[in-house]
Structure formats: structure tokens, C-alpha cells
Amino acid sequence: RGPAAGPILTMEPSFVPAAAAIAAAVRHATGLPITELPATAEKIFLGLRAKREAPPAVVVAAGEGKRMGGPKALLRLEGEALCVRLARAFLDGGCLAVVVVLGAGADEAEALLKGLPGVTTVRVPDPSAPMFASVRAGLAAAPGAAERGALVHPVDAPRVVASTVWGLLLGLAA
């Protein structure tokens, strides 16, 4: 892995996957030599967290999933419920708060999400309502969304990873 291996491995463990994935984007944006990238990215990331400026995330997961075989929040990818997978991706990527909007399967989803620090849930009364009702409910419950905006993501697009979120947050901070 060359000169970058040392600095990447000295990062807090939750930063390691994200650091490698965003190094090229940071290098492109800053022009810094590769040996300085991990430390620079980590400083920006830690600065966002320390200032509590990272926007919250809203995961829209209220859908019934009639065509998908069950409540969208509870569908599984690689053995993990989609609502948990995405909440972790946003937390690991740097969001300090994640609001998961639930409807269908809410009781089971809340049990799965319980214990994830920084995750709260909000329920919509009608899971068949248009998605915008869920977005509005999530934004209303997301701390700091009015001041900093929010990252809003549908649960049925589950391939988002922490490095993607971290890259977005770095871009917002630049």
C-alpha cells in the first residue's frame, strides 16, 4: 500500500475503510501528496465531528415493500436488515445523528436498531403514504437539519457505504 499505509493505520478504527476510499478524491481536490492525504482527511473529519457540524441523516424506511416481499426496513442484504445497514453506514461515515423513518414492520425494525448510538426512529401512521410524507417526518425529527441540512436516503437503495458518506461530508466541509 506504499507510503499511505502508516497514516491510514494510525487512524481511529472506524475511519480506516473510509480513508482509503476517499484518498483519491481528496488528492484531486487538494493536490496534496499521497503521504499527507490520510492525516488531512482525518483532520477535516475530526473537525466536523468536534464542531458537531456534520448534518444528520434521514433513512426513509416506512414502505410496505409489497413488490419486494415485506417491509422495506426489514429486507436483508448480506444477512443484515437494510435499516440497520444504512444507519451504520451513515454513523460510520461521520453523521452524528441518524433518523430512521418507519411504518411497516416498525416494531421489529426498532428492536433491531435499538442500541445503535445516535440512531432515533420516527413512525409515519400510514406506510402507504407517498414517500415525501416520510421525508418530512424524518427532517422534522432530525437534530440540526434546519441549520445544516440533512442527508436523505431511501432504504431500498442499500449499497451506500461509510466511505461514500465520509466523502460527501468532506465535500460539504471544503
Find all pairs meeting these conditions: Cβ atoms under 7 angstrom apart; at least six residues apart or on different chains; first residue within the range 89-102 and open to solvent by 10 Å² or more (accessible area, probe 1.4 Å); second residue in a helix (DSSP H, G or I) and modelled with pLDDT of 90 or more.
none
Which of the residues that make up the range 78-106 are in a loop (DSSP other than H, G, I, E, B), farther than 20 Å from R123 by Cβ and under 10 Å from the mean Cα position of the chain (by Cα)?
G93, G94, C95, L96
Find the residue count for the range 107-130, including only residues that are part of a helix (DSSP H, G or I), hydrophobic (A, V, I, L, M, F, W, C) and either surrounded by 15 or more Cβ atoms within 10 Å (Cβ to Cβ) or within 18 Å of the chain's Cα centre (by Cα) (or both).
3
Go through the range 141-151 residue by residue and tally those that are open to solvent by 40 Å² or more (accessible area, probe 1.4 Å) and at pLDDT below 95.
4
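Matching residues to (1) modelled with pLDDT of 90 or more; (2) assigned to a helix (DSSP H, G or I); (3) open to solvent by 30 Å² or more (accessible area, probe 1.4 Å); (4) more than 20 Å from G167 (Cβ to Cβ):
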site	(1), (2), (3), (4)
A19	no, yes, no, no
V26	no, yes, no, no
V60	yes, no, no, yes
G63	yes, no, no, yes
G69	no, no, yes, yes
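The values are calculated or read from the model by the stated rules, or taken from the named source; none is laboratory data. No experiment lies behind these values; they were computed from the predicted model shown. Because the Cβ atoms are built from the backbone with ideal geometry, glycine has one as well, and the counts that use them run over all protein chains shown. Side chains included, ligands, DNA and RNA excluded: accessible areas come from the protein's heavy atoms. Shrake-Rupley method; radii C 1.70, N 1.55, O 1.52, S 1.80 Å.
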